[in-house]
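Scroll down for the structure; my scribbles are underneath it.
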Amino acid sequence: MHSITLADGTPIPTLGQGTWRLGERGADRKAEATTLRLGLDLGLTLIDTAEMYGDGGSEEVVAEAIAGRRDEVFLVSKAYPQNASRTRLPEACERSLRRLKTDVLDLYLLHWRGNVPLQETAEAMEALKKQGKIRHWGVSNLDVADLRELGPYLNTCAANQVLYNLEARGVEFDLLAFCQNQMMPVMAYSPLGQGGALLRHPVLARVARRQGATPAQVALAWTLRNPNVVSIPKAADEKHLRENLGARMMVLTPEDLLELDSAFAPPSRKQSLEML
């Protein structure tokens, strides 16, 4: 499995497992945990979840999936912005740890910006690090100006998770380069787009035929072409999981990239940060 390193040298896989919408239906939880475990078997050892997903249900599914295998996993969870204060963040972290049945998170993220000052959130994150509750902390859905507001804590912010796919390329204007200069990996959520429209695009299908691959594999390989990007697609079942895995070794040609650029133009100006 390809990996990149955080600023402190910690390696993390460039392809992981997302869990949005998992844990919402009790009847599906066993199958969801089974798919996540298979992903671990196949080397997808980064798992991303959040207290928001399924109102904690996703974290419970992840707990079932990693039971007895915690040491294999780079475990990521995210806190609601209303829980990001000095007093509430420790409580939110403890709830996530209980649901995940672990005593430490590898990476804890602010899910999106709220009313709590970012430096206060950073101070609370640093306190959790000192207590051994988390190993690293980061943010999600923050743009360059937001990151700069972290001030002295910018250098200890380990990652930034943002919406990034062929249909949502605004982060390429300046955010990707800014994060790379900070040695801050960008985690691409929803790399396959939303609702299936991206994967039905004729240009994506044409590139996939040329590669002997599927449109989903091309879309994932496109995000992974950037050496500072971690992609975290969700896999609903074994078929999709194995399809995602097929993108790990794919190398898009200059012809492929030019054709994708013609259909999904890179940004020519600064845009508001897109998020889901």
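The values are calculated or read from the model by the stated rules, or taken from the named source; none is laboratory data. If you're wondering where the values come from, they're calculated on a predicted model, not measured in any experiment. Note: ideal-geometry Cβ built from the backbone for every residue, glycine included; neighbour counts use all protein chains shown.
For this structure, a couple of remarks:
- Within the range 124-136, not a single residue is under 25 Å from S272 (Cβ atoms), modelled with pLDDT of 95 or more and under 21 Å from the mean Cα position of the chain (by Cα).
- Look at (1) within 24 Å of L142 (Cβ to Cβ); (2) surrounded by 15 or more Cβ atoms within 10 Å (Cβ to Cβ) and you find that E24 fails only one, number (1).
- In the set A219, A235, only one residue is modelled with pLDDT of 95 or more and either farther than 25 Å from V62 by Cα or aliphatic (A, V, I, L, M) (or both); that residue is A219.
- When restricted to residues that are assigned to a loop (DSSP other than H, G, I, E, B), among the basic types (K, R) and within 23 Å of P185 (Cβ to Cβ), the range 78-119 contains 1.
- The set of residues from the range 144-165 being crowded, with 22+ Cβ neighbours inside 10 Å and in a loop (DSSP other than H, G, I, E, B) comprises just one member, Y164.
- Residue in the range 192-206 that is surrounded by the most Cβ atoms within 10 Å (Cβ to Cβ), counting only those that are closer than 15 Å to A221 by Cβ and among the small types (G, A, S): G193
- Single residue of the range 237-273 satisfying the filter (among the basic types (K, R) and within 30 Å of D146 (Cβ to Cβ)) that is nearest to the chain's Cα centre (by Cα): K270
- Looking across the range 190-216, the residues that are part of a helix (DSSP H, G or I) and either at pLDDT below 95 or among the small types (G, A, S) (or both) come down to A205, A208, A216.
- Residue among A31, A79, A84 that alone is farther than 29 Å from N226 by Cα and touching a strand residue (DSSP E or B) at 6+ places or on another chain (Cβ under 7 Å): A84
- Residue match in the range 58-65 (condition: part of a loop (DSSP other than H, G, I, E, B), among the polar types (S, T, N, Q) and under 18 Å from the mean Cα position of the chain (by Cα)): no
- Test: T34 is farther than 28 Å from G246 by Cα, surrounded by fewer than 21 Cβ atoms within 10 Å (Cβ to Cβ), out of contact with any helix residue (DSSP H, G or I) (no Cβ under 7 Å at 6 or more places or on another chain) and not acidic (D, E): no
- Of the criteria (1) at positive phi; (2) in contact with a Gly (Cβ under 8 Å, 6 or more places away or on another chain), which one G195 fails: (2)
- Residue count, the range 1-31 (criterion: touching a His at 6+ places or on another chain (Cβ under 9 Å) and closer than 14 Å to R242 by Cβ): 1
- Taken across the range 233-254, residues that are in a strand (DSSP E or B), surrounded by 18 or more Cβ atoms within 10 Å (Cβ to Cβ) and touching a residue at least 24 places away in the same chain (Cβ under 8 Å) do occur, with at least one present.
- Residues of the range 133-176 that turn out to be under 15 Å from H111 (Cα atoms), in contact (Cβ under 8 Å) with a residue 60 or more places away in the chain and β-branched (V, I, T), as a count: 1
- Residue match in the range 1-9 (condition: among the hydroxyl-bearing types (S, T, Y), assigned to a loop (DSSP other than H, G, I, E, B) and either within 26 Å of F178 (Cβ to Cβ) or in contact with a helix residue (DSSP H, G or I) (Cβ under 6 Å, 6 or more places away or on another chain) (or both)): no
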